[in-house]
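Enquirer: Questions regarding the structure given below will be posed in turn.
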Amino acid sequence: MTDSVLIVDFGSQVTQLIARRVREAGVYCEIHPFQNAQSAFEKLQPKAVILSGGPASVTDEASPRAPAVVFSAGIPVLGICYGQQTMAAQLSGHVESGHHREFGRALLEVTRDSPLFEGVWSKGERHQVWMSHGDRVTQLPGGFEVIATSENAPFAAVADERRRFYAVQFHPEVVHTPDGARLLSNFVHRIAGLKSDWTMAAYRKEMTARIRAQVGKGRVICGLSGGVDSAVAAVLIHEAIGDQLTCVFVDHGLMRQSEAQEVVGLFRDHYNIPLVHVDASEQFLTALAGVSDPETKRKIIGKHFIEVFEAQAKTIGGAEFLAQGTLYPDVIESVSFTGGPSVTIKSHHNVGGLPERMNMKLVEPLRELFKDEVRALGRELGLPEAFVGRHPFPGPGLAIRIPGEITHEKLEILRKADAIYLDEIRRAGLYDAIWQAFAVLLPVRTVGVMGDGRTYDHVLALRAVTSVDGMTADFFPFDMGFLGRAATRIINEVRGINRVVYDVTSKPPGTIEWE
């Protein structure tokens, strides 16, 4: 394993972004909650530590703290927002509540040159940053000096250069701090001295060796969902152990148009990976009949996926391992650090978990990767760009893009409309500029006029968002000409729709998921 950075999570909604920025700098890192930070430090033996933000107040009794070893190990430490405050408190500084809360954009003035700012900011300059705090440091620990201030944060950035301790009140990890990624790069490269050796080529080599060591001569089954994650996991495992892997593709009848055929063609024809294709669409649709609640739909789909998959595993026989396309965000968000909604929101991940009765060991080769890193690994493995570059698509598929009851008729209407919408986006050369685009069949019917007759048909909503990190998103600014062409095609070519609307909802910072 390459040198690494430990990120201690105090519950910030954007902690993942810290890890993304560090990995974008070519440095491996892991996020661990503050409750487990001591054991994580001992296991990882990091060369630097970053303390995240969080919703707690350092002034509250029993508020979260970093393990003492972080400050005694002689390695660089960077505190961000709450991380700055707990660093100050733990090193004999002082933090107070109620001092000019600051949320949103702020102008920071650099008061001293520093390795943290080298090549990015200079003394006397003013730069935009993103603040989000209610408490603030009012007395610095010994050895610290102020290196930047803002109107409401006199200690906006501080440093103890001798001990290589740095702390900032703002959030460098979010896109609203334009130079933040470069500051984090300075911390891991200039201050911690780490190399940019976290690459997909290195990961591919290391993970194939790990898979071989874990599996030995055993057999592995992998559940394909039709998405990028399970596909990349399967191709990587096949590279490691060949025909010891068998893939099972459970078609739940809720996929996009032609998607099932594409998956089968990719694995049987292109990669020649052993594949069992199970068309269980009627079983799923029967189970979903009359169900409107989206969370109930997720649980039904997860339950039946496990049942179908388990039945196929028995017919294959002899498999000791189950492969899953679990990603690093799944691992992080499956833990509710602060009693927040993460557990509920993530209840559908990985088809509800692994039943104990299956008595199989898990192989999760993507467990350390973010979504963009999975795509990079897919390209490294040679998967077709049309497959690797697909927009994210939720495991429950079209079930949660049809609010209300699901029927064969609604599925066919939505598939055709969604395919036309995506086709128009590709024709306009916009597909790669959009992070996610899809259609939603609303539970609303309206009266319309087509030709000389009245209609009473469905309303279709189109959604498209841009995103740098998948944590925040804004609607894509289509011009009216594009929307007119897409709507006209959909209404003319898809029977059952007489009105099309465009959703301009944004996803603000702090929202966990967008579907």
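Enquirer: In the list 11, 54, which residue meets the criterion of being within 19 Å of residue 158 (Cβ to Cβ), in contact with a Gly (Cβ under 6 Å, 6 or more places away or on another chain) and part of a loop (DSSP other than H, G, I, E, B)? Give the derivation first.
Expert: Values: 11 fails: within 19 Å of residue 158 (Cβ to Cβ).
Of 11, 54, the one residue that is within 19 Å of residue 158 (Cβ to Cβ), in contact with a Gly (Cβ under 6 Å, 6 or more places away or on another chain) and part of a loop (DSSP other than H, G, I, E, B) is 54.
Enquirer: So for the stretch 128-147 (the condition being open to solvent by 10 Å² or more (accessible area, probe 1.4 Å) and more than 26 Å from residue 64 (Cα to Cα)), does at least one residue qualify?
Expert: Yes, the stretch 128-147 contains a residue that is open to solvent by 10 Å² or more (accessible area, probe 1.4 Å) and more than 26 Å from residue 64 (Cα to Cα).
Enquirer: Identify the single condition in (1) within 17 Å of residue 119 (Cα to Cα); (2) within 22 Å of the chain's Cα centre (by Cα) that residue 187 does not satisfy, given that it satisfies every other one.
Expert: (2)
Yes/no matrix, rows are residues, columns are (1) among the basic types (Lys, Arg); (2) over 20 Å from residue 390 (Cα atoms); (3) part of a loop (DSSP other than H, G, I, E, B):
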| residue | (1), (2), (3) |
| --- | --- |
| 426 | yes, no, no |
| 437 | no, no, no |
| 443 | no, yes, no |
| 447 | no, yes, no |
| 457 | no, yes, no |
| 460 | no, yes, no |
| 465 | no, no, no |
| 478 | no, no, yes |
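Enquirer: Here is a further query. Considering the stretch 70-94 alone, what residues qualify as being surrounded by 19 or more Cβ atoms within 10 Å (Cβ to Cβ) and of a type in the set (Ser, Thr, Tyr)?
Expert: 82, 86, listed by residue number.
Enquirer: Still on this structure, I have one more. Kindly provide the set of residues from the stretch 264-294 that are open to solvent by less than 50 Å² (accessible area, probe 1.4 Å) and out of contact with any helix residue (DSSP H, G or I) (no Cβ under 8 Å at 6 or more places or on another chain), ordered by number.
Expert: Those that are open to solvent by less than 50 Å² (accessible area, probe 1.4 Å) and out of contact with any helix residue (DSSP H, G or I) (no Cβ under 8 Å at 6 or more places or on another chain): 264, 265, 281.
Enquirer: Among the residues of the stretch 195-248 satisfying the criterion of being hydroxyl-bearing (Ser, Thr, Tyr) and within 20 Å of the chain's Cα centre (by Cα), which is surrounded by the fewest Cβ atoms within 10 Å (Cβ to Cβ)?
Expert: Filtering the stretch 195-248 for residues that are hydroxyl-bearing (Ser, Thr, Tyr) and within 20 Å of the chain's Cα centre (by Cα), the one surrounded by the fewest Cβ atoms within 10 Å (Cβ to Cβ) comes out as 199.
Enquirer: I'd like the full set of residues that are among the basic types (Lys, Arg) and either in a helix (DSSP H, G or I) or open to solvent by 10 Å² or more (accessible area, probe 1.4 Å) (or both), limited to the stretch 380-424.
Expert: Across the stretch 380-424, the qualifying residues are 390, 410, 415, 416.
Enquirer: Could you list all residues from the stretch 75-111 that are in contact (Cβ under 8 Å) with a residue 40 or more places away in the chain, in a loop (DSSP other than H, G, I, E, B) and over 16 Å from residue 138 (Cα atoms)?
Expert: 75, 76
Enquirer: Something else: Restricting to the stretch 150-167, what's the tally of residues that are modelled with pLDDT of 95 or more and either open to solvent by 40 Å² or more (accessible area, probe 1.4 Å) or under 25 Å from the mean Cα position of the chain (by Cα) (or both)?
Expert: 4
Enquirer: If you don't mind, there's one more thing I want to ask. Of these, 261, 257, which one is open to solvent by 60 Å² or more (accessible area, probe 1.4 Å) and touching a residue at least 40 places away in the same chain (Cβ under 8 Å)? Show your work before the answer.
Expert: Working: 261 fails: touching a residue at least 40 places away in the same chain (Cβ under 8 Å).
Being open to solvent by 60 Å² or more (accessible area, probe 1.4 Å) and touching a residue at least 40 places away in the same chain (Cβ under 8 Å) holds for just one of 261, 257, which is 257.
The values are calculated or read from the model by the stated rules, or taken from the named source; none is laboratory data. The model shown is predicted, which means the values in this text are computed figures rather than measured ones. Note that each Cβ is placed from the backbone with ideal geometry, even for glycine, and that neighbours are counted across all protein chains shown. Accessible surface areas use protein heavy atoms only, side chains included; no ligands, DNA or RNA. Shrake-Rupley method; radii C 1.70, N 1.55, O 1.52, S 1.80 Å.
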